[in-house]
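K.L.:
Dropping a structure here in structure tokens format, bear with me for questions.
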Amino acid sequence: MEKIVSLAKRKGFVFPGSEIYGGFAGVYDFGPRGVELLNNLKQAWWKANVSDKENYFGIDSAMFKNPKVWEASGHVGGFSDPLAECKECNTRIRVDKELEKIGVTADEKMSESELAALFDANRDKIACPKCGKMNFGPVKMFNLLVTSNLGDFTSEGTSPAYLPGEACQGIYLNFKNIVDSMQPKFPFGVAQIGKAFRNEISPRNFLFRTREFEQADTQYFIRPNENKEAYEAIKQDRWNWYLSLGIDESKLRWKQHDRLAFYAKDAWDIEYEFPTGFDEIEGIHDRGDYDLSQHMKFSGTDLNYSDQENGQKFVPWILETSMGMGRLFLAVLANAYTEEEMDGETRIVLKLAPHLAPVKACVSPLLKNRPELQEKAREVYAILKKKFGNVMYDDNGNVGKRYRRQDEIGTPWCIVVDFDTIGSGENINPDFKDMVTVRDRDTGNQERVAISELANYIEARM
Ligand code: ATP
């Protein structure tokens, strides 16, 4: 993990939030390379969940919502984690997570006093992760919702305007709007990528648990009791999507929830083997009619769907997928990070799928101090830049060093213009005129490609 965090900072992927002020716990900024990778991941997700699907609709809902939304969703009353504070160093721990580490399961429905009793019974086995002492204060429930003071000065400001604790609520709120405006055939899905904020007690493991993050969610609205087959299909679809990103299948696994929320029919997580071990990257939930029923109750708006086909009226059931973008980003980085021997040296290389790579290609002249090579290399660069956007020009140092720099950021192709390309110099091969060398990141193999074919060559491999 340390190596990944260090590379991410050194190479402009991810920076600690507010770093010049000493940082801000649980918050990270994406740098120039990171934002490209993030956008490519979002694009890949959007393509798979909206563009490529016939019956899915994308939305982008506002972050601020009527405060009642978070009452209906259960976040105001129940979105809390149990914490205990170390009396020695003031570190706060998630009681349920620490219990889990020693093989003790805390039931989701447990009250504060029940949890406290369970924790008390196991105090002698739980050490503070920071100072190692076993001297914790009492267990307290801690609400994770982040509040704002929006509207405090108006009559609307009776309860705080929360920041979203999860992104999916915007989809439920717009269910009726989508039915009315898009007239979708049932069943149909709605997809959204949105920010979420949680007052996490112990943000940790880099992008794994942060206080501000993004979720990519789909909600599939189905007729009552038509959940089983569709749920299995969605699970398979999501699994395959990770493989399409080049994620090593042996690092993925399914985990079924052993404790279900009272309304849930089934719940599975896709876990990835992060450098810190297997942990959740996405939840896939069979939620019954809970969400729309709750919003019907709290808003007083009828969210029944009237089926034109058979005249029936029903509250749709929902199959949900919810993935954390930061966790995906971390998984993709960890999956790509490789240290290996090449040409007698150890190199660090990010073996990112080409469609995800922040820089698609880097163009160089063989030698920096030869204007004729520079000129041709600039020409090649301009062609590729226009076509792909994220293309670099690099004439610093020798070619070997340029390759290493590009390897570290995962650039799939390095292109070099040499004397053969321009057809001038000693011992040149006339067959290679107007051709460049293209070096493959993963194998280090080089081949000659005509400049006129270069864009097609890259596109075909992306
Ligand atoms: P956990 O048990 O790890 O706290 P969760 O079960 O509360 O996660 P959900 O509420 O189901 O998570 O959210 C769906 C997805 O959002 C998770 O699978 C995860 O990828 C992401 N996510 C949740 N909390 C965080 C966080 N604090 N930082 C980054 N991503 C998160």
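K.L.:
Using the basic label-point model (7 angstrom from Cα toward the beta carbon), what is the E447 to D124 distance in nanometres?
P.N.:
6.8 nm
K.L.:
Around Q192, with a cut-off of 9 angstrom between Cβ atoms, what is the net charge of the other residues, counting Lys and Arg +1 and Asp and Glu -1? Walk me through the intermediate numbers first.
P.N.:
Values: positive: none; negative: D60, D217.
Taking every other residue near Q192 into account, the sum is -2.
K.L.:
Another question, if that's okay. What lysines does K387 reach when the alpha-carbon gap must be under 23 Å and sequence neighbours fewer than 8 apart in one chain are set aside?
P.N.:
Within the straight-line limit of under 23 Å, K387 reaches these lysines: K42, K47, K351, K360, K376, K433.
K.L.:
A further question follows. Working out 0.36 nm times the residue gap between A25 and S306, then minus their Cα-Cα distance, what length gain in nm do you get to one decimal?
P.N.:
Length gained, A25 through S306: 96.4 nm.
K.L.:
When the Cα centres of segment 361-435 and segment 248-283 are compared, how far apart do they sit, in Å?
P.N.:
45 Å
K.L.:
Tally up the carbon and sulfur contribution to the accessible surface of segment 179-239 as a whole percent, 1.4 Å probe, everything protein left in place.
P.N.:
Exposed carbon and sulfur together represent 45 percent of the surface.
K.L.:
Round to the nearest 10 and give me the degree value, 0 to 90, for the angle of helix 228-244's Cα axis relative to the longest principal axis of the chain.
P.N.:
Tilt relative to the chain: about 30 degrees.
K.L.:
May I ask for the angle, rounded to the nearest 10°, between helix 32-46 and the longest principal axis of the chain, with both axes built from Cα atoms and the value confined to 0 to 90°?
P.N.:
60 degrees
K.L.:
Now a separate question. Can you give the FRET efficiency to the nearest 0.05 for I383 and E229, using r as the Cβ-Cβ distance and R₀ = 45 Å? Mind dumping the intermediate values first?
P.N.:
Values: r = 49 Å, r/R0 = 1.09.
E between I383 and E229, to the nearest 0.05, is 0.35.
K.L.:
If you find the alpha carbon centre of segment 1-50 and of segment 293-321, how far apart are they in angstrom?
P.N.:
Cα centroid of segment 1-50 versus Cα centroid of segment 293-321: 38 Å apart.
K.L.:
So if I restrict to the alpha-carbon atoms in the chain, what is the Rg, and what is Dmax, the biggest pairwise distance, in Å?
P.N.:
26.3, 84
K.L.:
Using a probe of 1.4 angstrom, how much of the accessible area of segment 359-461 is carbon and sulfur, in percent?
P.N.:
Answer for segment 359-461 is 48 percent, counting heavy atoms of protein chains only.
K.L.:
Between 0 and 90 degrees, rounded to the nearest ten: what's the tilt of helix 371-388 against the longest Cα principal axis of the chain?
P.N.:
Helix 371-388 sits roughly 30 degrees off the main axis of the chain.
K.L.:
On average, how much accessible surface per residue is there in segment 11-112, in Å², for a 1.4 Å probe, leaving out ligands, DNA and RNA?
P.N.:
With all protein chains present, segment 11-112 gives 54 Å² per residue.
K.L.:
I would also like to ask the following. Can you give the FRET efficiency to the nearest 0.05 for S293 and E88, using r as the Cβ-Cβ distance and R₀ = 35 Å? Intermediate values should be presented prior to the final figure.
P.N.:
Working: r = 47 Å, r/R0 = 1.34.
E between S293 and E88, to the nearest 0.05, is 0.15.
K.L.:
Could you tell me the calculated FRET efficiency between N39 and S80, based on Cβ-Cβ distance and R0 = 45 angstrom, to the nearest 0.05?
P.N.:
The calculated FRET efficiency here is 0.85.
K.L.:
Before I look further, what does segment 359-461 give for accessible area per residue, probe 1.4 Å, in whole square angstrom?
P.N.:
It amounts to 48 Å² per residue over segment 359-461.
K.L.:
Taking the simple approach of a point 7 Å from Cα along Cα-to-Cβ for both M462 and T338, what is their distance in nm?
P.N.:
2.1 nm
The values are calculated or read from the model by the stated rules, or taken from the named source; none is laboratory data. None of the values given here were measured: they were computed from a predicted structure. Every residue, glycine among them, receives a Cβ derived from its backbone with ideal geometry; neighbour counts consider all protein chains shown. SASA here: full protein model, heavy atoms, side chains in, ligands and nucleic acids out. Shrake-Rupley method; radii C 1.70, N 1.55, O 1.52, S 1.80 Å.
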